[in-house]
Structure formats: structure tokens, C-alpha cells
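Here the structure comes first, spelled out in C-alpha cells, and everything after it is commentary.
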Amino acid sequence: MTATLPPQARRQVHAYTDLTRQIQEKGLLDRSPRRYAARVLVLGGGFALATIALLTLGQTWWQLAVAVGFGVLFTQAAFLAHDGAHRQIFTAGPRNEWASRVLGNLVVGLSYGWWMRKHSRHHANPNKVGADDDIRPGVVLFTPADAERRTGVRRWLTARQGWLFFPLLTLEGLALHIGAVQTVVGDRTLKHRRTEAALLAVRLLGWPALVVAVLGFGLGAAFLAVQLVVFGVYMGASFAPNHKGMPLVPRDTRIDFLSRQVLTSRNTRGGRWVDWLMGGLNLQIEHHLFPSMPSSNLRQAQPLVRDYCAEHGLPYTEAGLFESYGIVVRHLNRVGLGDRDPFACPFVVVNRAG
């Protein structure tokens, strides 16, 4: 069963141009290198303090608190790399590219090339079946049709995948690092592949070596495990509320840009502390409509976008942080159970191709 778009949403083909004009007149697409320089300084200061703590506290279990701090810092660095990949920092594309490549590979341990391919496809077709890599079948499934193909123990686990989602995120950090290595080793078409490989090697070999050299093998391994868990859960918890449980777009459906981005995205309510906590990803509707807008400007753009959606009859979806997590858990469980109720697995239907 499918849910149908309101008639007003079918007339949005040219509406995006008007909204863009309003955003441009407010100067919200202008780059802010100084603001990003301040972010880099604060982040650099955080890494410096955490490193001093690592080197001076000695072999004490209090080091696990330092590991938590590094997990947070690596995630914040990933947010900064994400902004660079979207060309939010500098006007010149190559500067953004290299800033993101260095931050992503050398600091965070993620492949910039892999991220760009995957994330670009996501932005072009968010929540579109067969086009968005973020909803392709994997450990977690996003459509009842995929869930019904599983049998035995896998079927039992899939039926409870919502409850298992956040525990599974404890492995997400490790999975991201493995994916980065697989990309630079196996993808010979990757741009600047050797550079990415060198940067990744320094990060993924040098960082564990430093931790073990300072703390010894046992405590060092515990430190790295905690840091990886915090990094994975923090990353997943920041991205999950944005689209999980929002309408899916069938393979053969055509939908205009404005409707596609708004109807498949969910904002997370909260003030500036939530902006910092989620790296601006909490304002997902505005980010998807204007990917190159500096994340610090998304909050100013929100009233314009919200009013514009109301004027044109487009649902503008918001939820509290923990409310959104509840939505994600319930949605994934319903998908895993094969529930075809439209409220359990919503689909968008606009104009079918052909």
C-alpha cells in the first residue's frame, strides 16, 4: 500500500527557484571561512587537551574517559569534513576537497572518495529505493519486501532490528574504517588514491600504535575499543534521525527536487546546543535543500524554509531528539515484521515514469 502526496506538492517544479532567491538575498549561501577557522581552532584545542591527558595520566582506568573524549572529537572532525565535502568552507572547490580529504582520511580515518560517492548519491535521491545507498539491504533492512526474503535466525533478528539498531552502532566505527581501507585498496578509479592510502595508513596504524605504546596492550586495547564505540554510536545517532522512518520513493517514481528533499527529511528540534551536538545535521531539510550552505547559517534559513513549505502545502517534519530515536526504532521493527501498513512503511507516489 502507498501514501499519496498532497496535490499541492505536484506543482513544485519551479518553486525551488523562488526559495533559492530568498535565501541568496539573505546572504545565507555566502561562505564563512573565519567561522570555520574558529571551529578548527576549538577542535584543535580539544585534541591538544585530550592528547596531553593521554600522555600524562599514565596507566589508569581514567584513561577510558579520555577515550570517550577522543570519540567525540573524531566525530566532530567528521562533521567538519562533511561540511568541506559539501563545499561549505571555501568558495574554491579544490580547497574544500583537500580540507575534507585531510580531515577525513588523516584525522577521522574515513575515505573521502568513498564518502563523496556514497553521500552524493544519497543527496541526489534520498530514500529512493535502488538509488540511495543509505537504504540498500544490509545488516538492517528498510523495506518489507527485503525483510520477507530472510529466513531462520536472520528473519528473527530482522523482526527486532529496531531494538538492535543502536547496539549495532557500537560496531559502526570499526565498519567505517574497514570500508575506508577496502575502498583505497580495491578501487583503482579512486581519485588521489595513493594520497588517501598514505593518510589512512598514518591514522589507522599510527594512532593505535601511539595508544598502545603509552598505555600498554591491555589498557590500550580497552581505550581503542571505547573510542571506537563512542565514535560509531555518535556518528550513527547523528545521521539516523534524518531520514529513517520518512517516506520512501519507489524506483519508478519521478518527483521534483523541492518535494523530494523536504518529504524525505526530518529535522530534530532543539537550540544551538543541538546544532553543535549534531554538526548541523539536525536541520536536515535545510541542508538537503541547500547542501553548500554553511552549517552555521542553517538555523537562519529555517524560518524561511518552514514558511515556504507551509505556503506551498509541503509537510515540514520535525521531532525531538529522543522522539526521533523512538520513531526510528518503531519504524525499523515494523519493516522487519513485514508490516505493509503505509504508516509503518510509508511510500511517496507522485508521477510514475513511463
Given the conditions (1) more than 24 Å from R260 (Cα to Cα); (2) of a type outside the set (V, I, T); (3) in contact (Cβ under 8 Å) with a residue 40 or more places away in the chain; (4) surrounded by fewer than 17 Cβ atoms within 10 Å (Cβ to Cβ), every one holds for G173 apart from (4)
In region 80-102, anything among the aliphatic types (A, V, I, L, M) and surrounded by fewer than 20 Cβ atoms within 10 Å (Cβ to Cβ) is listed as A92, V102
Looking across region 142-195 at residues that are of a type in the set (K, R) and out of contact with any Ser or Thr (no Cβ under 8 Å at 6 or more places or on another chain), the single one that is farthest from N127 (Cα to Cα) is R194
Exactly one of V184, V230 is part of a helix (DSSP H, G or I), of a type outside the set (K, R), out of contact with any Leu (no Cβ under 9 Å at 6 or more places or on another chain) and touching a residue at least 40 places away in the same chain (Cβ under 8 Å), and that residue is V230
Reported set for region 31-56 where residues are free of Cβ contacts under 8 Å to residues at least 40 places away in the same chain, surrounded by fewer than 15 Cβ atoms within 10 Å (Cβ to Cβ) and not polar (S, T, N, Q) is R34, A37, A38, L41, V42, G44, G45, A48, L49, I52
Note on region 235-266: residues over 19 Å from the mean Cα position of the chain (by Cα) and among the small types (G, A, S) are S259
A careful count of residues in region 151-170 that are touching a residue at least 40 places away in the same chain (Cβ under 8 Å), part of a helix (DSSP H, G or I) and among the small types (G, A, S) gives 1
Checked region 303-340 for anything over 16 Å from R160 (Cβ atoms), in a helix (DSSP H, G or I) and basic (K, R); matches are R306
Exactly one of V140, V185, V181 is of a type in the set (V, I, T) and surrounded by fewer than 14 Cβ atoms within 10 Å (Cβ to Cβ), and that one is V185
Checking P346, P342 in turn, the sole residue that is under 22 Å from R260 (Cβ atoms), surrounded by fewer than 18 Cβ atoms within 10 Å (Cβ to Cβ) and either among the small types (G, A, S) or modelled with pLDDT under 95 (or both) turns out to be P342
Within region 244-297, residues being assigned to a helix (DSSP H, G or I), aromatic (F, W, Y) and touching a residue at least 40 places away in the same chain (Cβ under 8 Å) number 1
Picking from G220, G236, the residue that is surrounded by 18 or more Cβ atoms within 10 Å (Cβ to Cβ) and either touching a residue at least 60 places away in the same chain (Cβ under 8 Å) or in contact with a strand residue (DSSP E or B) (Cβ under 7 Å, 6 or more places away or on another chain) (or both) would be G236
In region 196-208, is there at least one residue being out of contact with any Ser or Thr (no Cβ under 9 Å at 6 or more places or on another chain), surrounded by fewer than 19 Cβ atoms within 10 Å (Cβ to Cβ), outside any helix (DSSP H, G or I) and at pLDDT 95 or above?
no
Residue pairs within 9 Å by beta carbon, gap of at least six or interchain, first lying in region 192-210 and closer than 18 Å to L55 by Cβ, second of a type in the set (D, E, K, R) and in a helix (DSSP H, G or I), listed first then second, are none
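The values are calculated or read from the model by the stated rules, or taken from the named source; none is laboratory data. Since this is a predicted model, take the numbers as computed values, not measurements. Note that we place each Cβ from the backbone using ideal geometry, even for glycine, and neighbour counts take in every protein chain shown.
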